[in-house]
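Below is one structure; the comments refer to it alone.
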Amino acid sequence: MELTELKDKIIGSFSGSAEQLQEVLELVALDHSVFPFNEYEHLICNLINRGCLTFAQYIEIRNEYISENPNLWIFEISAPRGFGEGFAQTYVQGKGANLKRASKKLDANYSGEYDLWLDGIKIEVKASRAVDANSEEPLYMKALSRNSKKNLLMNFQQLKPQCCDVFVWVAVFRDEIVLWVMNSREVAENNLFSRGQHRGNSGNEGQLHVKHDNIHQFKMYELVGNDIESAIRAAASKTSTAHTTS
């Protein structure tokens, strides 16, 4: 359930007259919303105040919305490090008992260039949140569900294929978290990979934009089930040139 559907759900629970509903909608439209006092809070309070929406109905709508959008809290993480390290790396590591945080104890040459370690395999975790590319709203307002028909955009940044063996990409949708597992060559040779993300890095760092018209290219890398360790080992063992589809 996305925000437009939530508004329809609230309005659909209205039990008053058409005139009362129109009056409330006009009041809400004229209101200057400031987080967390937004149009949905204003709409719900007005309907309850007029006796056209019960508190029990509100709780039912609220519970349904939360259950259908379990990942919205992730879109509210503002700090890049909090999202990338605090959430994404912890989430991936929790999928495999043998996944370890990279350190000099495991790799004497380690200098912070990758995140996780699995029996000698160097793993870099990257994460991005699926949003509506046409929206200028905050992340939590433009968050998309996986089956959304809106203009999807995810950006995987600061990619350094030369520094790891395997990438695990965490694609966060408001209703689902998808993991893509691929080796460094499959990223470096992907036709969507753009080198030279930041000025002065001599092409050592790049980025890749996932959009509604190319997301199908990553279906082959999607983790199915929970055996992420086998997926990482399989990706690391590939020696053939990465294949991409148009």
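Would you point out the residue of region 197-209, among those that are within 24 Å of the chain's Cα centre (by Cα) and modelled with pLDDT under 85, that is surrounded by the most Cβ atoms within 10 Å (Cβ to Cβ)?
Applying the filter and picking the extreme gives Gln197.
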*Looking only at region 66-88, decide whether some residue is at positive phi and either in the same structural domain as Asn190 (by TED's automatic domain parsing) or at pLDDT 95 or above (or both).*
no
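Is it the case that some residue within region 156-175 is farther than 18 Å from Leu208 by Cα and of a type in the set (Gly, Ala, Ser)?
No; the residues of region 156-175 include none that is farther than 18 Å from Leu208 by Cα and of a type in the set (Gly, Ala, Ser).
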*Does Tyr110 meet the test of being surrounded by 12 or more Cβ atoms within 10 Å (Cβ to Cβ), in contact (Cβ under 8 Å) with a residue 12 or more places away in the chain and of a type in the set (Phe, Trp, Tyr)?*
no
*List, please: which pairs have Cβ atoms under 8 Å, are six or more places apart or on different chains, and start with a residue in region 7-26 that is more than 14 Å from Glu60 (Cα to Cα) and surrounded by fewer than 16 Cβ atoms within 10 Å (Cβ to Cβ) and end with one that is basic (Lys, Arg) and modelled with pLDDT of 75 or more?*
Gly16/Arg50
*State which residue is modelled with the lowest pLDDT when the search covers only region 1-40 and only residues that are of a type in the set (Phe, Trp, Tyr) and either touching a strand residue (DSSP E or B) at 6+ places or on another chain (Cβ under 8 Å) or not in a helix (DSSP H, G or I) (or both).*
Phe35
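Each row is one residue, and each column tells you yes or no for (1) in a loop (DSSP other than H, G, I, E, B); (2) surrounded by 12 or more Cβ atoms within 10 Å (Cβ to Cβ).
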{"position": "His42", "(1), (2)": "no, yes"}
{"position": "Ile48", "(1), (2)": "no, yes"}
{"position": "Glu60", "(1), (2)": "no, yes"}
{"position": "Pro70", "(1), (2)": "yes, yes"}
{"position": "Ile77", "(1), (2)": "yes, yes"}
{"position": "Arg81", "(1), (2)": "no, no"}
{"position": "Gly96", "(1), (2)": "yes, yes"}
{"position": "Lys126", "(1), (2)": "no, yes"}
{"position": "Ser135", "(1), (2)": "yes, yes"}
*Are any of the residues in region 124-138 of a type in the set (S, T, N, Q), farther than 19 Å from His209 by Cα and free of Cβ contacts under 8 Å to residues at least 24 places away in the same chain?*
no
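Could you please let me know if Met182 is in the same structural domain as Phe218 (by TED's automatic domain parsing), in contact with a Phe, Trp or Tyr (Cβ under 6 Å, 6 or more places away or on another chain) and not hydroxyl-bearing (Ser, Thr, Tyr)?
yes
Give the residue, chosen from Phe167, Phe156, that is assigned to a strand (DSSP E or B), within 30 Å of Gly120 (Cβ to Cβ), touching a helix residue (DSSP H, G or I) at 6+ places or on another chain (Cβ under 7 Å) and in the same structural domain as His212 (by TED's automatic domain parsing).
Exactly one residue qualifies, and that residue is Phe167.
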*Meets criteria (touching a residue at least 60 places away in the same chain (Cβ under 8 Å) and either assigned to a helix (DSSP H, G or I) or more than 22 Å from Gly120 (Cα to Cα) (or both)) for Arg185*: no
*Is it true that Tyr114 is assigned to a helix (DSSP H, G or I), at pLDDT 95 or above and either aromatic (Phe, Trp, Tyr) or not assigned by TED's automatic domain parsing to the domain that holds Gly225 (or both)?*
no
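The values are calculated or read from the model by the stated rules, or taken from the named source; none is laboratory data. Quick caveat: nothing in here was measured; it's all calculated off a predicted structure. Methodologically, a virtual Cβ is constructed for each residue, glycine included, from the backbone with ideal geometry; neighbour enumeration extends over all protein chains shown.
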